[in-house]
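For reference, the structure discussed in these notes is given below.
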Amino acid sequence: MNNCPFKMPEELPLLAEKSTEYMAYESPQPATWCSGCGNYGIQKALERALTLENIKPHETVMVFDIGCHGNGSDKINGNTLHGLHGRVISLAAGAALANPKLKVIAHGGDGGILSEGVGHLVHAVRSDYPMLFILHNNENYGLTTGQASAATRKGLPMNGSPDGVILDPMVACQFVMTLHPSFVARTFSGDLHHMTKILRAALNHKGFAFVEIMQVCPTYNKATSPAWFWDRVRDVEKLPSYNPTDWWQAMKAVEDLDKEIMMGVLYKKDQPNFLERLPNRKDVKTALTEEVGHHDISALLEEMK
Ligand SMILES: Cc1ncc(C[n+]2csc(CCOP(=O)(O)OP(=O)(O)O)c2C)c(N)n1
């Protein structure tokens, strides 16, 4: 068992040179998460990934769902906003389609995204909207104090289900794989280096990049801990014959969340994204936001009287 697995991140020297830019994402707001919460690392990894990809705060739109992770909206500098619980993907997709020149990043929890807003996830994957979506999977509804979500492990006593959860958990990556996505990745909130690498890959994907971050929740999720994850996570990049363009191989890799948890870019394919497929946007160089004009409709309104 590896309780304190220190890894020297290979981006560190590069990041040191970029320290001023890295600081551009720092917000003056104090963090309000519990001690040991995975959200600290996730936010830091995102700041690092954006900096290393030379994306400036003003070039981003970061949309947060309602939840513990959503409290990150004022803890990072950039164009940030909060949506309705479970509906973050549709809000972010609107921004991504209106102005594809911005880097749109949506954050959601397993509670809101795998239940209330699951329909939005389904159609965002099918549509291949040009955006990054980060699933903060702490396997419970954190902000409302630890109720079972669709991702909570079977048998675990939770607030609201003290005798233990009676259903099998939904495996988020497996569910997304069935929708024939263009990018699926999984990483772990305890591994800043791996999260940064995966978020960088996702930021470079032109369609809907689905990134699940297995997130420790020391307050409400007693099933997993950093040590529990370190014992189980396996990087597919280190497997001799892993091919992330092989849908069947990815389907098999994603299913186990108990013994060997596969991490990395699990599946990707290149295809025209939603905007590239739209016939009426073909060869259009401007963004919708640049095409907004003022139109006088008073005559039309008069006609309708
Ligand atoms: C439509 C709607 N349903 C429920 C709520 C109450 N609510 C707010 S946050 C939250 C829990 C969020 O859990 P999750 O999405 O997993 O995010 P986490 O807090 O774990 O990061 C709930 C149930 C709400 N605000 N709106």
Exercise. What about K268, is it of a type in the set (K, R) and in contact with a strand residue (DSSP E or B) (Cβ under 8 Å, 6 or more places away or on another chain)?
Worked result: yes
Problem set entry | Which listed residue is within 13 Å of the ligand (Cβ to nearest atom), of a type outside the set (S, T, N, Q) and farther than 22 Å from F175 by Cβ, from H69, H58, H82, H120 | H82
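Of the residues Y267, Y242, which is surrounded by 15 or more Cβ atoms within 10 Å (Cβ to Cβ) and over 21 Å from the mean Cα position of the chain (by Cα)? Step through it out loud before you land on a result.
Values: Y267 fails: over 21 Å from the mean Cα position of the chain (by Cα).
Testing whether each residue is surrounded by 15 or more Cβ atoms within 10 Å (Cβ to Cβ) and over 21 Å from the mean Cα position of the chain (by Cα) leaves just Y242.
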For this session: Would you point out the residue of segment 1-47, among those that are among the aliphatic types (A, V, I, L, M), within 24 Å of R234 (Cβ to Cβ) and part of a loop (DSSP other than H, G, I, E, B), that is modelled with the lowest pLDDT?
Result: M1
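Among residues belonging to segment 143-160 that are farther than 13 Å from K222 by Cβ and in contact with a strand residue (DSSP E or B) (Cβ under 9 Å, 6 or more places away or on another chain), point out the one that is farthest from the ligand (Cβ to nearest atom). Walk me through it before giving the result.
Taking segment 143-160 and keeping what is farther than 13 Å from K222 by Cβ, we get 143-145, 147, 149-151, 154, 160.
Imposing the further condition that a residue be in contact with a strand residue (DSSP E or B) (Cβ under 9 Å, 6 or more places away or on another chain) reduces the set to 143, 147, 149, 151, 160.
Values: L143: 4, Q147: 7, S149: 5, A151: 8, G160: 10 Å.
Among residues in segment 143-160 that are farther than 13 Å from K222 by Cβ and in contact with a strand residue (DSSP E or B) (Cβ under 9 Å, 6 or more places away or on another chain), the one farthest from the ligand (Cβ to nearest atom) is G160.
One line per residue, one yes/no per condition, for (1) within 29 Å of Y40 (Cβ to Cβ); (2) in contact with a Phe, Trp or Tyr (Cβ under 7 Å, 6 or more places away or on another chain):
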| residue | (1), (2) |
| --- | --- |
| K206 | no, no |
| S225 | yes, no |
| R234 | yes, no |
| K238 | yes, no |
| N243 | no, no |
| E260 | yes, no |
| M263 | yes, yes |
| K269 | no, no |
| L275 | no, no |
For this session: Could you grab me the full set of residues in segment 37-60 that are in contact with a Lys or Arg (Cβ under 7 Å, 6 or more places away or on another chain) and in contact (Cβ under 8 Å) with a residue 40 or more places away in the chain?
Result: A49, L52, E53, I55, E59, T60
Seminar exercise, completed: Out of (1) of a type outside the set (D, E); (2) in a strand (DSSP E or B); (3) away from the ligand (no atom under 16 Å from the Cβ), the one L135 does not meet is (3)
Problem set entry | Positions within segment 85-113 being within 15 Å of the ligand (Cβ to nearest atom) and either surrounded by fewer than 23 Cβ atoms within 10 Å (Cβ to Cβ) or modelled with pLDDT under 95 (or both), in sequence order | H85, R87, S90, L91
Exercise. Is it the case that V165 is of a type in the set (V, I, T) and not in a strand (DSSP E or B)?
Worked result: yes
Exercise. Does Y267 count as free of Cβ contacts under 8 Å to residues at least 60 places away in the same chain and closer than 19 Å to M177 by Cβ?
Worked result: no
Seminar exercise, completed: Going through segment 247-305 in order, the residues found to be assigned to a strand (DSSP E or B) and at positive phi are G264
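Answer yes or no as to whether L199 is surrounded by 14 or more Cβ atoms within 10 Å (Cβ to Cβ), more than 20 Å from M131 (Cβ to Cβ) and not β-branched (V, I, T).
In short, no.
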Exercise. Considering segment 156-172 alone, what residues qualify as being under 25 Å from the mean Cα position of the chain (by Cα) and over 16 Å from T145 (Cα atoms)?
Worked result: L167, D168, P169, M170, V171, A172
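Please determine, by comparing only the residues of segment 208-220 that are assigned to a loop (DSSP other than H, G, I, E, B) and surrounded by 24 or more Cβ atoms within 10 Å (Cβ to Cβ), which one is nearest to the chain's Cα centre (by Cα). Before the answer, list the steps.
Here is the first cut: in segment 208-220, the ones assigned to a loop (DSSP other than H, G, I, E, B) are 215-220.
Those left that are additionally surrounded by 24 or more Cβ atoms within 10 Å (Cβ to Cβ): 215, 217.
On the way: Q215: 11, C217: 17 Å.
Per the criteria, the residue is Q215.
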Problem set entry | Condition broken by T196, with the remaining ones in (1) outside any helix (DSSP H, G or I); (2) under 20 Å from V61 (Cα atoms) satisfied | (1)
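The values are calculated or read from the model by the stated rules, or taken from the named source; none is laboratory data. Just so it is clear, the structure is predicted and the values come from calculations on it, not from any experiment. Don't worry about glycine lacking a Cβ; one is built from the backbone with ideal geometry, like all the others, and counts go over all protein chains shown.
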